[in-house]
Amino acid sequence: MIFQDPYAFILLLGIPLIYLIRKMKNKKVHLGIPFPLVSISKDIPKSIRQRLLFVKPLLLIVALIFLVIALARPQYGMEEVKTINKGIAIEMIVDRSGSMGAGIRYDGKNITRLDAVKLVFTNFVLGNGKELKGRSNDLLGLVSFARYADTVYPLSLSHTTITGFLNNISLVENRNEDGTAIGDALALGAARLKTVEEELDSQENKIGYIIKSKVIILLTDGQNNWGRLAPLEAAELARDWGVKIYTIGIGGEDVNTLTQMANITGGKYFSADTVQGLTKIYEVIDGLEKSEIESVKYMDYKEAFLPFAIAAFISIIFYIILSATLLRRIP
């Protein structure tokens, strides 16, 4: 509880002042003749009226206290601080076709292009203690593709398991499943982003999460040679659904197509030949797509003076009733 006008409590200083004035007013000089047997009156029981004489001044004091509290305008309520995350929905699309098994140098040894992607993306999600700080406030999802596109991890704010699903992505082993369906994979990722608000609403979105933007990071080392949808057609779909595409070509990529895909959606094309180069690209994307956290303070207070005003009124009513009946004073 707070008081809107706390200076009203200064009026309480008047209580002892009123008491002193009344005491001085009621003080009289008593004249009389000493009576030797007056001491026997001490043994006479006090009447109810005598026992209740203190009630009248007490009621006045109580009424004054309640009235001052009411004048101070007490208020009660809640002050709530609500944190609103304005994050980014990011769909990572990873090529796992056979060509992603080609080697790339890292720390003096060769690792596959796919392993390089896993390493850098993990640092992008969780942070690497350096330039990459992690994406803890973002919705992250994962799609992999070769001849066919599959959702590996649905868009989620829970990032504790996404790296495990990422590590389970392996190079295609069956030749009948090999290929590079960039258009289909892109369309699948864009469709997931298109419906992400509905999925949040179905979960009641109790944390008040707001999607600031939708982004696809597409990484491939080949040209589209399979699938129902051409890459540029998928990019136009993504644009219509409000999705921005960042394309990353590693190795023998189709630079022209990847560049056009990014340009259609207002994104950007990057090329990487090393793990260090790939890390730099993710650092750039990390800087371009920033999440926001807002703390909004809500103050909801209600006036609470009425009960105190009523209590003061009741005290005065009781004072008047007692003054006119049981504790009536006869001049």
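In segment 136-148, what residues are surrounded by fewer than 21 Cβ atoms within 10 Å (Cβ to Cβ), under 26 Å from Ser97 (Cβ atoms) and not aromatic (Phe, Trp, Tyr)? Hit for segment 136-148 is Arg147, nothing else.
Find the residue count for segment 154-191, including only residues that are outside any loop (DSSP other than H, G, I, E, B) and farther than 22 Å from Thr112 by Cα.
11
Within segment 196-215, identify whether any single residue is of a type outside the set (D, E, K, R), closer than 30 Å to Ile104 by Cβ and in contact with a helix residue (DSSP H, G or I) (Cβ under 7 Å, 6 or more places away or on another chain), and answer yes or no. Scanning segment 196-215, I find no residue that is of a type outside the set (D, E, K, R), closer than 30 Å to Ile104 by Cβ and in contact with a helix residue (DSSP H, G or I) (Cβ under 7 Å, 6 or more places away or on another chain), so the answer is no. Inside segment 245-302, residues that are at pLDDT below 80 and under 36 Å from the mean Cα position of the chain (by Cα) make up a count of 12. Only one of the listed residues (Gly179, Gly164, Gly222) is more than 23 Å from the chain's Cα centre (by Cα), surrounded by fewer than 22 Cβ atoms within 10 Å (Cβ to Cβ) and farther than 14 Å from Ser97 by Cβ. That residue is Gly164.
Hey, among the residues in segment 74-116 that are small (Gly, Ala, Ser) and part of a strand (DSSP E or B), which one's modelled with the highest pLDDT? I'd like the intermediate steps shown before the answer.
So in segment 74-116, the residues small (Gly, Ala, Ser) come out as 77, 87, 89, 97-99, 101-103, 108, 116.
Restricting the remaining residues to those that are part of a strand (DSSP E or B) gives 77, 87, 89, 103.
Details: Gly77: 67, Gly87: 85, Ala89: 92, Gly103: 89.
Filtering first and then ranking leaves Ala89.
Annotation: Ala149 fulfils all but one of (1) within 17 Å of Asp221 (Cα to Cα); (2) touching a Lys or Arg at 6+ places or on another chain (Cβ under 9 Å); the unmet one is (2).
Could you say whether any residue in segment 188-197 is touching a strand residue (DSSP E or B) at 6+ places or on another chain (Cβ under 9 Å) and at pLDDT below 85? Within segment 188-197 (the criterion being touching a strand residue (DSSP E or B) at 6+ places or on another chain (Cβ under 9 Å) and at pLDDT below 85), the answer is yes, since at least one residue qualifies.
Looking only at segment 235-280, residues that are assigned to a helix (DSSP H, G or I), without any contact (Cβ under 8 Å) to a residue 60 or more places away in the chain, under 15 Å from Leu219 (Cα atoms) and hydrophobic (A, V, I, L, M, F, W, C) come to 4 in all.
If you go through segment 118-130 and keep only what is within 26 Å of the chain's Cα centre (by Cα) and either more than 18 Å from Arg96 (Cα to Cα) or surrounded by fewer than 16 Cβ atoms within 10 Å (Cβ to Cβ) (or both), you end up with Asn123, Phe124, Val125, Leu126, Gly127, Asn128, Gly129.
The values are calculated or read from the model by the stated rules, or taken from the named source; none is laboratory data. As the structure is a prediction and not an experimental result, all values here were calculated from the model. Glycine gets a Cβ as well: all are built from the backbone with ideal geometry, and neighbour counts include every protein chain shown.
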